[in-house]
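Enquirer: Can you keep this structure in mind? I'll have questions shortly.
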Amino acid sequence: MFHSIRLRIALPFAILFVATMVGLSLYLSSFLRQTYLNELENQLQGEATLIAGQLSPLLEQEEPSSELNGMTRQWSSLLNMRVTIIAPDGTVIGESQEDPSNLENHLTRPEISAALANGQGSSIRFSNTVGYPMLYVALAVKQGGQNLGVVRLAEPLSQVDANIANLQRSLAGATLLATLLVILLASVIASRTTRPLRDLTEAARRMSSGSLYSHLIPITSDEVGELTRAFN
């Protein structure tokens, strides 16, 4: 009986704590992932701005320069990310990882259409070219208010996902340890809370067996203490 009472006292505390920690872990994971993505997007925008400054003279030419593809590979090697140059009509004229002639028109890509309309754009999606999710940041190259093209940088999300996975493992370990401590503490509190009831039960058992001289010392001033004094 009293074991059941202790369980009913300790279990809600443990469940509430676990639910709180799980909710906190999910919130922190989502918050930190978005923070990582924002920082990565800002980094890509800054690097795309530098590349756009070097591209302007080349894109002002009537025909795309043959140097573009080689330059995208150089930038990709320096920045350790994928670099793509797209003409205003969506044609890929420079690509660091593929032959531009093998790539389809990019005009409908969300980051490209946003860059042509608003000057810059970004999106997160699965890349069929490389075979994993990537963050894309595109920046329009302008001259006199005219779009000369778009420079797009792409970074795989594997590192972001790995950081979040490490965080989730750490939070899971901390939650497990803290839950064990909470259960232990709740059990101790529940045991001390129900101790007067256990003493009363034992005294009642002795009385039922013929011993009418049981006397208990009230150790609390609450309802249990009042019950003990009434019992005496």
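Values quoted throughout were computed directly from the atomic coordinates according to the rules given, and no laboratory measurement underlies them. Here the structure is a predicted model, which is why all the values come from computation and not from measurement. Neighbour counts are summed over all protein chains in view; Cβ atoms, including those assigned to glycine, are modelled from backbone coordinates with ideal geometry.
Enquirer: Which semi-axes, in whole Å and largest first, does the equivalent ellipsoid of the stretch 22-141 have when worked out from the alpha carbon gyration tensor as the square roots of 5 times its eigenvalues? It would help to have the intermediate numbers written out before the result.
Expert: Values: eigenvalues 165, 43, 39 Å².
Working through the eigenvalues yields semi-axes of 29, 15, 14 Å.
Enquirer: OK, next. Give me the compactness ratio for the stretch 111-151, meaning the Cα radius of gyration over 2.2 N^0.38 Å. Write out the running numbers ahead of the final one.
Expert: Working: Rg = 11.7 Å, N = 41, 2.2 N^0.38 = 9.0 Å.
Cα Rg divided by the expected 2.2 N^0.38 Å: 1.29.
Enquirer: What residues have an amide H closer than 5 Å to that of ARG82, excluding those fewer than 5 places away on the same chain, when H is modeled at 1.01 Å from N in the peptide plane?
Expert: Those lying under 5 Å, H to H, from ARG82 are ALA154.
Enquirer: Among PRO12, PHE126, GLN54, whose Cα sits farthest toward the positive end of the charge dipole of the stretch 1-137 (+1 at Cβ of Lys/Arg, -1 at Cβ of Asp/Glu, about the Cα centre)?
Expert: Result: PRO12, furthest along the dipole toward the positive end.
Enquirer: Could I ask something else about it? Above 13 Å lies some portion of the pair distances; for the stretch 16-90, what is it as a whole percent of all C-alpha pairs? Could the numbers behind the result be given before it?
Expert: On the way: 2091 of 2775 pairs.
Tail fraction, whole percent: 75.
Enquirer: Now for a separate question. Efficiency by 1/(1 + (r/R0)^6): what FRET value for GLU39 and LEU185, r their Cβ-Cβ distance, R0 = 35 Å, to the nearest 0.05?
Expert: On the way: r = 39 Å, r/R0 = 1.11.
Rounded to the nearest 0.05, the efficiency is 0.35.
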